[in-house]
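Visitor: My structure is below; once you've seen it, I'll send some questions.
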Amino acid sequence: MIWQLDVIFCLFVIICAIAAINVKDLLAAVIILGAYSFFMCILWTEMGAVDVAFTEASVGAGVGTVLFIAAVNKTKRRSKD
Amino acid sequence: MLEYVLSKYNFWTYAILLIIGLYAMVGKKNLVKKLIGMNIFQSAVILFYISIGVKKGGATVPIFLGDAHAAHGHEIIIDAAHYFIPLPHVLMLTAIVVSVATTGVALAVLILIYKRYKTLEMDEIMKIRQDTGA
Amino acid sequence: MTEQSDDVIVKTLSRMLIPFMQIYALYVIAHGHYSPGGGFQGGVILGASMILLVITYGLDNTLRRMTERLNTMMCSAGVLIYAGIGALCLILGGNYLDYAELDQILGVGIAQARSLGILGVEVGVGVTVMAGMISIFFDISTGGLPSEKIEEFKD
Amino acid sequence: MKVVALITVLMTGALLVYGIEEMPEWGDPNSPASTHVSPKYIQEALGKTATPNMVTAVLADYRSYDTMGETVVVFTAAIGCVLMLRKKRKGEKGEGD
């Protein structure tokens, strides 16, 4: 556990979260959410939760992003805020 | 001040992520943005639980690293201070899978809303509902 | 998103990749006792391989291999495996989901019987999660599967 | 709307920061979470279940009721999506399309 690396990943996670809710293009927001999930996964691996990190990498970042993209594909891509 | 923040930086990250998710759920008008905020909120809670399971001082991941088959016959003494706490990992592992399943149900509801109102903005939906009196 | 792709590279690469993904998923389920992994992760990877098949080869080709009827049956079969192992322990004289009683039919010692009980439960979880993820993806990506397609590929 | 959301979020954030003060030191081996029930799981899991991965042992043996509930939740979510989105067959009557 290296605390400098931890702080850097925490900053990345916060930046990704702020970007994901501020982008007007919904497809871009969903992809940024996938990047957020992967940074979260690295953070949890650093904290020693390898099972949770594996689950997040396959479930949250993989299938979750695909489901969001499928739903955005069926509805509208633009958002007003 | 900086040292005070750095001593519990993961709890501060959890608080900031949680208020970002809450703001997206309350303040944004697009329904997909609300769902993204809900996902961020869930990850923040999971981060909090994982932070509880960390032990300093030479602890490692909760997997027994020695030869399990050689130790089958006689009793092994395992020191609890050498491994992280497995209980928060178990609870959060199932929570992630359930969160994706509930996100799927939410997206299905969202597609039904789009089929009926042809929009995903909350204020437009409320306006249509007021105009038609439904 | 559910039509067949025209790209030769994408189709060839995914046709080569899908069997390895499924083998890896089975490894993750079976090796969950000794390394990170288990039923949830392996089931999701199995589901992701079928989702890749839908994206590259189209919904019609996928429904010919894995029909909607089979998918729904597998989704409930996983829960049945899980609850069935619990009920088997109940029949053998223990509490519900008390794997130590499985020793009476397996005969390998109490600790090993509990280990094998965990493996059976993980298989049930994997089957349910795989079928559930595939079913949710089918419904969301098509906005509701047209009933003619289900009728067409029933047999 | 934005102002109301901002006030709500800032008040929640103030409460969270107040709560962080009370948390035990990060990674403390003597915190309540690491002294109450988890030493029992760590010490007994290998000998009683022959499973080196303690997370799997606790997930599928010690807390298997919990995991069965999660499995049923995934199953229910899949069935719910089918019931909400699937169109009616020809000849069946129902509301909507």
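The values are calculated or read from the model by the stated rules, or taken from the named source; none is laboratory data. Keep in mind it's a predicted model, so treat the numbers as computed, not measured. Neighbour counts run over all protein chains shown; Cβ positions are idealised from the backbone, glycine included. Note: areas computed on protein heavy atoms with side chains; ligands, DNA, RNA excluded. Shrake-Rupley method; radii C 1.70, N 1.55, O 1.52, S 1.80 Å.
Visitor: Relative contact order of chain C, please, whole-number percent, based on alpha carbon pairs below 8 angstrom and at least 6 residues apart.
Guide: That works out to 28 percent.
Visitor: From the Cα gyration tensor of the protein assembly as shown, with a ≥ b ≥ c the square roots of its eigenvalues, which class applies: rounded if a/c is under 1.5, or else prolate if a/b is larger than b/c, or else oblate?
Guide: Since a/c reaches 1.5 but b/c is at least a/b, the shape of the protein assembly as shown is classed as oblate.
Visitor: Could you tell me which residue out of C:Leu17, B:Gln130, B:Leu18 lies farthest along the dipole of the protein assembly as shown toward its positive end? Charges go on the beta carbon: Lys and Arg +1, Asp and Glu -1, centred on the Cα centre.
Guide: In the protein assembly as shown, that residue is B:Gln130.
Visitor: Sticking with this one: Given Cβ point charges of +1 (Lys, Arg) and -1 (Asp, Glu) and nothing else, what value in debye, to the nearest 20, does the dipole of region C:1-133 about its Cα centre take? Don't jump to the answer; show the numbers that get you there.
Guide: On the way: 6 positive and 9 negative charges, 38 e Å.
Here the size comes out at about 180 debye.
Visitor: Which value, in square angstrom to the nearest 100, describes the accessible area buried between chains B and A on both sides, using a 1.4 angstrom probe?
Guide: Details: alone 10250 and 5710 Å², together 12140 Å².
So the buried area, both faces added, is about 3800 Å².
Visitor: Out of D:Ala60, D:Ala78, D:Ala45, any idea which swings most in a Gaussian network model of chain D, alpha carbons joined below 10 Å?
Guide: Comparing D:Ala60, D:Ala78, D:Ala45 in the GNM, the peak value goes to D:Ala78.
Visitor: Can you find, among D:Met23, D:Val3, D:Thr71, the residue sitting farthest towards the positive end of the charge dipole of chain D, where Lys and Arg contribute +1 and Asp and Glu -1 at Cβ?
Guide: D:Thr71
Visitor: Moving to a separate point now. Probe radius 1.4 Å, ligands and nucleic acids left out: which of C:Asp103, C:Asp60 has the largest accessible area, and how do the rest follow?
Guide: C:Asp60, C:Asp103
Visitor: Which residue fluctuates most in the GNM of chain B (Cα springs below 10 Å): B:Ile16, B:Ile76, B:Ile113?
Guide: Taking springs between Cα atoms under 10 Å, the residue moving most is B:Ile76.
Visitor: When you look at the Cβ of every residue in A:19-28, what mean number of other chain Cβ atoms sits within 10 Å?
Guide: Numbers: counts 0, 7, 13, 3, 2, 2, 0, 5, 1, 0.
So the per-residue partner count for this stretch is 3.
Visitor: Suppose we keep just the alpha-carbon trace of region A:3-74; what are its Rg and Dmax in angstrom?
Guide: 12.8, 43
Visitor: Now a separate question. Summing Lys, Arg as +1 and Asp, Glu as -1, what charge do residues with Cβ under 10 Å from the Cβ of D:Lys48 carry, D:Lys48 excluded? Walk me through the numbers on the way to the answer.
Guide: Working: positive: C:Arg114; negative: D:Glu44, D:Asp61.
Result for the neighbourhood of D:Lys48: -1.
Visitor: Same structure again: Report in % the part of the accessible area of chain A that belongs to carbon and sulfur, leaving out ligands and nucleic acids; probe 1.4 Å.
Guide: Details: 2250 of 3110 Å².
On chain A, the fraction of accessible area on carbon and sulfur atoms equals 72 percent.
Visitor: When you take every Cα atom in region C:1-147, what is the radius of gyration, and what is Dmax, the widest Cα pair distance, in Å?
Guide: My reading of the Cα-based Rg and Dmax gives 18.2, 59 Å.
Visitor: For B:Phe48, what accessible area in Å² do you get when you roll a 1.4 Å probe over the heavy atoms of the protein chains, rounding to the nearest 10?
Guide: Counting only protein heavy atoms, B:Phe48 exposes about 40 Å² to solvent.
Visitor: Can you give the mean number of other chain Cβ atoms that lie within 10 Å of the Cβ atoms in peptide B:36-48? Numbers along the way, then the final one.
Guide: Numbers: counts 11, 3, 0, 8, 10, 0, 1, 10, 4, 0, 6, 6, 2.
Average per residue, whole number: 5.
Visitor: Another question, if that's okay. Please turn the phi angles of region D:14-31 into ³J(HN,Hα) values with the Karplus equation 6.51 cos²θ - 1.76 cosθ + 1.60 (θ = phi - 60°), one per residue in order, whole Hz, x for glycine and proline.
Guide: 5, 5, 5, 5, 5, x, 5, 4, 7, 5, x, 4, 5, x, 6, x, 9, 6
Visitor: Just to confirm, what accessible area per residue do you get for region C:1-142 at 1.4 Å probe, in whole Å²?
Guide: On the way: 6090 Å² over 142 residues.
Each residue of region C:1-142 exposes 43 Å² on average to a 1.4 Å probe.
Visitor: If you count only protein heavy atoms and use a 1.4 Å probe, how large is the accessible surface of C:Ser76, to the nearest 10 Å²?
Guide: Probe radius 1.4 Å; accessible area of C:Ser76 about 50 Å².
Visitor: I've got another one for you. Please list B:Trp12, D:Trp26, A:Trp3 from largest to smallest accessible area, probe radius 1.4 Å, with all protein chains kept in place. Walk me through the intermediate numbers first.
Guide: Details: B:Trp12 50, D:Trp26 10, A:Trp3 125 Å².
Final ranking, largest accessible area leading: A:Trp3, B:Trp12, D:Trp26.
Visitor: Right, another one. How many Å² of accessible surface get buried when B and D come together, counting both sides, probe radius 1.4 Å, rounded to the nearest 100?
Guide: In total, this chain pair buries about 4500 Å².
Visitor: Using all C-alpha to C-alpha distances in chain D, build P(r) with 5 Å bins and read off the rounded percent in each one.
Guide: 2, 9, 9, 9, 9, 9, 12, 14, 10, 7, 5, 4, 1, 0
Visitor: Hey, another quick one. Distance in nm between label sites at C:Gln22 and C:Ile91, each 7 Å beyond Cα in the beta-carbon direction?
Guide: Rounded to a tenth, the inter-label distance reads 3.1 nm.
Visitor: Now a separate question. Given a 10 angstrom Cα cut-off, can you work out which residue in C:Met21, C:Met73, C:Met50 is the most mobile in a GNM of chain C?
Guide: Most flexible of the set in this elastic network: C:Met73.
Visitor: Which whole-number percent gives the relative contact order of chain B, counting Cα pairs below 8 Å spaced six or more residues apart? Could the numbers behind the result be given before it?
Guide: Working: 100 pairs, mean separation 32.0, N = 134.
Taking the mean separation of contacting Cα pairs over the length of chain B, I get 24 percent.
Visitor: Sticking with this one: With every protein chain left in place and a probe of 1.4 Å, what is the accessible surface of C:Met66, to the nearest 10 Å²?
Guide: Spelled out: C:Met66, probe radius 1.4 Å, area about 20 Å².
Visitor: Which distance in nm do the two modelled labels at B:Thr60 and D:Leu83 give, with both placed 7 Å along the Cα-to-Cβ direction?
Guide: 4.9
Visitor: Calculate the mean, over all residues of peptide C:27-36, of how many other protein chain Cβ atoms lie within 10 angstrom of the residue's Cβ.
Guide: Values: counts 0, 2, 0, 0, 1, 7, 10, 7, 7, 14.
What the average comes to for C:27-36 is 5.
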